[in-house]
1. Say R0 is 56 Å: what FRET efficiency, to the nearest 0.05, do residue 241 and residue 157 get from their beta-carbon distance?
2. For the chain, with a Gaussian network of springs between Cα atoms less than 10 Å apart, report the residue from 30, 266, 52 with the top mean-square fluctuation.
3. So what is the calculated 222 nm ellipticity per residue for the chain, using -39500 (n - 2.57) for each DSSP H run with n of 4 or more, over all residues, to the nearest 500 deg cm²/dmol?
4. Sort 141, 288, 270 so that the residue with the fewest other Cβ atoms within 10 Å of its own Cβ comes first and the one with the most comes last.
5. Given the chain, report the % of alpha carbon pairs whose separation exceeds 31 Å.
6. With each pseudo-label sitting 7 Å past Cα toward Cβ, what's the residue 254-residue 146 distance in nm, one decimal?
7. When the chain is fully extended, how far beyond the present Cα-Cα distance does residue 52 get from residue 312, taking 0.36 nm per residue of separation?
8. How far apart, in nm, are the 7 Å Cα→Cβ label points at residue 88 and residue 271?
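Read-outs throughout are calculated quantities, based only on the coordinates presented, and are distinct from any laboratory measurement. Quantities reported herein were computed from a predicted structural model and do not represent experimental measurements. No Cβ is skipped: glycine too gets one built from the backbone with ideal geometry, and neighbour counts run over all protein chains shown.
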C-alpha cells in the first residue's frame with residue numbers, strides 16, 4: 001500500500017524530497033542492518049563492500065534506503081537456496097557512483113528484462129510463493145530519477161541478475177567559513193561555575209551530527225545531547241530536560257513533526273523550544289514546519305551565523321520560560 005501511495009504522489013508531482021550530502025557508507029550500514037533478518041530467514045549470505053573512502057552522494061537519505069532495501073529484498077526473495085547477494089560500489093567518474101546488487105537466482109530472459117520497470121508486472125511470479133505488488137521497482141525507478149540518478153539491470157538466464165543505481169557524488173558537508181576563523185576567537189567567555197546549557201539534537205545523518213558537534217564545541221557555555229531517531233529523542237528530552245531541542249524532519253520511524261506533537265503535548269517537555277534543521281527547504285515545507293509549532297525552521301546546509309542566532313534566541317526563550325515557571329511556583333524556603 002505504501003508503494004502505491006508513493007507512486008501516486010510521484011505521478012502527481014507532490015512527493016517532497018529531502019536532498020542533501022549523505023554518507024554512502026552510513027546508508028549501506030543501515031541497509032545491512034535492515035535486510036539482515038530477511039537474509040537469515042532465507043539462508044542467503046549478503047556481502048557489503050568495505051569502501052576505500054567516505055563517499056557522499058547528493059540524495060534523499062530515506063529514499064535511497066527505500067530503493068536499496070527494495071533491490072536487496074528482491075535479490076533475497078528470488079535467489080536460489082543457500083545463494084549469495086553481493087553489494088558493490090564503484091565510482092564510474094569523478095561525479096558519479098554506481099551501487100550494484102547482484103544475486104545468484106534464475107536470471108531473466110531479455111523480454112522480461114525489458115518489462116522490469118512496468119507497474120504491477122511481477123514477471124511471471126504472480127502464482128509464486130513470494131508476495132508483492134510488482135510496483136516496487138517502478139517506485140524505485142521514479143525515486144532514483146527524481147534524485148537525478150539512473151537505475152538499470154543486467155541478467156543472464158541461469159546465472160542471476162545485477163540491479164544497479166547511479167547517484168551524483170558530492171563533497172563532504174563543510175561548515176562554510178569555519179576554516180579561516182581561529183578556534184579561540186569563536187569561544188565565548190563563561191564565568192567559572194556557570195551551569196552548562198543543554199542542546200538535544202535528533203538527527204540520523206552522521207555527517208550533520210558531526211557538523212553540529214563542531215559548532216557546539218565552540219560554545220563552552222553548552223553541552224550536546226544526541227539521538228538518532230525520534231523515540232530516543234523523546235526519551236532523552238523527558239529525562240534530561242534540555243534547554244533547547246533541534247531535530248531533522250525526516251527521521252527513521254517517526255517524523256520530526258510527529259515528535260514535535262508528542263513533545264508539545266507532554267507537560268514535562270512542552271516548555272522546551274524546538275528548532276527544525278532540515279534539507280526540506282521549499283517555502284511550503286518551512287510554512288508547514290512553523291505551523292506545526294517549531295520555534296525556528298533552519299535549512300541545510302547549515303549556515304553558522306543563522307544557526308548561532310537561532311540557538312541564542314531559543315536559549316533566551318527557554319530561560320524566560322523557566323524564570324516564569326519559577327515565579328509562578330517558587331521553591332519553599334527552608
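1. Values: r = 62 Å, r/R0 = 1.11.
Efficiency at R0 = 56 Å is approximately 0.35.
2. For the chain, modelled as a Gaussian network with Cα springs under 10 Å, the answer is 52.
3. On the way: 10 runs with 127 residues, N = 334.
Only helices count here, giving -12000 deg cm²/dmol.
4. Details: 141 20, 288 17, 270 11.
Going from least to most buried by this count: 270, 288, 141.
5. On the way: 23617 of 55611 pairs.
Counting every Cα pair in the chain, those more than 31 Å apart make up 42 percent.
6. 2.5 nm
7. Working: separation 260, 0.36 × 260 = 93.60 nm, distance 3.99 nm.
Extra length available between residue 52 and residue 312 comes to 89.6 nm.
8. Inter-label distance under the simple model: 6.0 nm.
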